[in-house]
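To start, the structure itself, in structure tokens.
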Amino acid sequence: MKSFMEVRRDLHRIPEIGFQEFKTQQYLLDTITSFIKPYMRIIKWRTGFILVIEGINPRLQLGWRTDLDGLPVQEQTNLSYASEHEGFMHACGHDFHMTIALGLAKRFADVQPEHTILLYFQPAEEGPGGAEPMLEWVKAEHPELLPDYMFACHIAPEYPVGTVATRPGMLFANTSELFIDLKGLGGHAAFPHHTKDMTVAAASLIMQLQTIVSRNINPLEGSVITVGKMISGTVQNVISDAARLEGTIRTVTAESMAQIKKRIQTLCEATALAFECDVTIDYGSMYYQVYNDAHCATSLLQYADSVEGMTAYECPPAMTGEDFGFFLKEIPGAMFWAGANTPYGLHHAKISPDENLIEQNILFVEGFLRQFHLK
């Protein structure tokens, strides 16, 4: 088998978006096949799969999840192993996540674990969301492969390599995409009274959306509404007949998410009435909060504190979204931030995490899973 650094670079070259991870899946399967043992078996699901590693004396089934997909980002790192897929990049560290999972598979192939280990190679984390349908498939077709506990990590650019940052309770927020389309009547800029101007309507709606968090949500329940993109018009002297707003919603509680969506619906209906236009809403992908089981999160921190070279940090919650939350909604477990030491943030076209995190986290997670026990 290649070195883990080489494996990560191979994966970095071939980013693919959700449910199109065909090359990625094949690379992962080929790598595992090169060292697979009789007590290991692969069960495919769409562009992902589960690697089952039977334990010697399995009192528990422990799950570890990695995500496979890249992002529609044009890479700007100038690395020798930069993306070979134009317009796509592993800008969220999933190439690192996959390499860590492959490292775990290799370590457990070298020395069979006591517990049964279930490595979930899950597609489509970035969208449209693979965790929820993968979990539903397991429950319906392979309930024997439901873990007793489920774990995962995500690289964190702002933390030094060797950092394990997590917390009991909410780690990541509830999230939802937001797409709003407005349809009116276009026309000549000189005759605005003959039109229904959707640029003006969309601008008005954006300003109203910004009042929801400040005036309708409890200040103690953190929430965010961001409209990151607005499309309207074609030329300076033509009034636009259509506009589209694209954004995101993030909340600490599921109740706040429902309240925000109810308020968005009201404001959109009011906009349609005020500007005599049609307004439609699409919430796209919606992810449940990553809510860590207290015992699992504390166990991660305590183990990290006992391992030389690792630093345990009980971090604050973040408004980041992660579909791993769907697993933790039904299975106790925890996710942690793995320090990556890079000045560029997640989803940035120049992000290049420190590759030293790979082997360090393989050994950390292997050791943690081998020693994990019930309360």
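Values in this text are rule-based calculations from the coordinates and carry no lab data. The model shown is predicted, which means the values in this text are computed figures rather than measured ones. Here the Cβ is made from the backbone with ideal geometry for all residues, glycine too, and neighbour counts use every protein chain on show.
Rounded to whole Å, give me the distance from the Cα center of segment 17-47 to that of segment 147-195.
Each part's Cα centre sits 29 Å from the other's.
Please report the orientation-averaged projected area of segment 242-375, defined via the convex hull of its C-alpha atoms, in nm².
Values: hull surface 45.8 nm².
So the Cα hull casts an average projection of 11.5 nm².
Could I get the Rg over Rh figure for segment 72-133? Both from C-alpha atoms, Rh via Kirkwood, rounded to two places.
Details: Rg = 15.2 Å, Rh = 14.1 Å.
Reported Rg/Rh (Cα atoms, Kirkwood Rh): 1.08.
Could you give the size of the charge dipole of the chain about its Cα centre, using +1 on the Cβ of each K and R and -1 on the Cβ of each D and E, expressed in debye and rounded to the nearest 20? Provide the component values of the computation, followed by the final result.
On the way: 28 positive and 44 negative charges, 53 e Å.
Rounded to the nearest 20 debye, it is 260 debye.
Just to confirm the number: angle between the C-alpha axis of helix 294-306 and the first principal axis of the chain, 0 to 90 degrees, nearest 10?
In the chain, helix 294-306 runs at an angle near 60 degrees to the longest axis.
Filter Lys262/Lys329; Lys183/Lys229; Lys106/Lys350; Lys196/Lys229 down to the pairs with a C-alpha to C-alpha distance above 19 Å, please.
Numbers: Lys262/Lys329 23 Å; Lys183/Lys229 17 Å; Lys106/Lys350 30 Å; Lys196/Lys229 21 Å.
Correct reply: Lys262/Lys329; Lys106/Lys350; Lys196/Lys229.
How big is the antiparallel share of DSSP beta bridges in the chain, given as a percent to the nearest 5? Show your work: numbers first, answer last.
Working: 46 of 68 bridges.
Of those bridges, close to 70 percent are antiparallel.
Roughly what angle does helix 254-274 make with the longest principal axis of the chain, taking Cα atoms, 0 to 90 degrees, to the nearest 10?
The answer is roughly 20 degrees.
With runs of 4+ DSSP H residues as the only contributors, calculate the mean residue ellipticity of the chain at 222 nm using -39,500 (n - 2.57) per run, divided by the residue total and rounded to the nearest 500. Write out the running numbers ahead of the final one.
Details: 9 runs with 124 residues, N = 375.
One gets -10500 deg cm²/dmol as the mean residue ellipticity at 222 nm.
So, by mean Cβ neighbours within 10 angstrom, what's the order for 75-88, 288-301 with the highest one leading?
On the way: 75-88: 14.3, 288-301: 21.4.
Highest mean packing first, the order is 288-301, 75-88.
Put +1 on the Cβ of each Lys and Arg and -1 on the Cβ of each Asp and Glu in segment 291-375; which of Ile362, Thr298, Ile351 then has its Cα farthest toward the positive end of the dipole?
Thr298
So if I take the alpha carbon set of segment 296-352, get Rg, then get Rh from the Kirkwood formula, what is the Rg over Rh ratio?
Values: Rg = 13.8 Å, Rh = 13.6 Å.
A ratio of 1.01.
Ranked highest first by the average count of other Cβ atoms within 10 Å around their residues, in what order do 344-357, 320-333 fall? Let's see the in-between values first.
Details: 344-357: 17.4, 320-333: 21.9.
Sorting 344-357, 320-333 by mean packing, highest first, produces 320-333, 344-357.
Among His97, Gln259, Gly247, which residue has its Cα furthest toward the positive end of the charge dipole of the chain, with +1 on Lys/Arg Cβ and -1 on Asp/Glu Cβ?
Working it through, the farthest residue towards the positive pole turns out to be Gln259.
Assuming a ≥ b ≥ c are the square roots of the Cα gyration tensor eigenvalues, decide whether segment 98-171 counts as rounded (a/c under 1.5), prolate (otherwise, with a/b larger than b/c) or oblate. Spell out each step's value before the answer.
On the way: a/c = 1.74, a/b = 1.16, b/c = 1.50.
It comes out oblate by the Cα gyration axes.
What Kirkwood Rh does segment 12-73 have if only Cα atoms enter the pairwise 1/r average? Answer in Å. Present the calculation step by step, with values, prior to reporting the outcome.
Numbers: mean 1/r = 0.0757 Å⁻¹.
For segment 12-73, inverting the mean 1/r across all distinct Cα pairs yields 13.2 Å.
Could you tell me how far the Cα centroid of segment 213-268 sits from the Cα centroid of segment 98-115, in Å?
So the separation of the two Cα centres works out to 44 Å.
May I ask for the Kirkwood hydrodynamic radius of segment 12-143, worked out over all distinct Cα pairs and given in angstroms to one decimal?
Numbers: mean 1/r = 0.0653 Å⁻¹.
For segment 12-143, inverting the mean 1/r across all distinct Cα pairs yields 15.3 Å.
Quick check: the angle from helix 22-33's long axis to the longest principal axis of the chain, C-alpha only, nearest 10 degrees?
With rounding to tens, the tilt is 10 degrees.
According to the square roots a ≥ b ≥ c of the eigenvalues of the Cα gyration tensor, what is the shape class of segment 325-375, taking rounded for a/c under 1.5, prolate for a/b larger than b/c otherwise, and oblate for the remainder? Provide the component values of the computation, followed by the final result.
Details: a/c = 4.09, a/b = 1.55, b/c = 2.64.
Because a/c hits 1.5 or more and a/b fails to exceed b/c, segment 325-375 counts as oblate.
Let me check I have the definition right: for the chain, take the eigenvalues of the Cα gyration tensor, multiply each by 5, take square roots. What are those semi-axes in whole Å, largest first? Intermediate results must be reported in sequence, preceding the final value.
On the way: eigenvalues 354, 103, 70 Å².
Working from the Cα gyration tensor, I get semi-axes of 42, 23, 19 Å.
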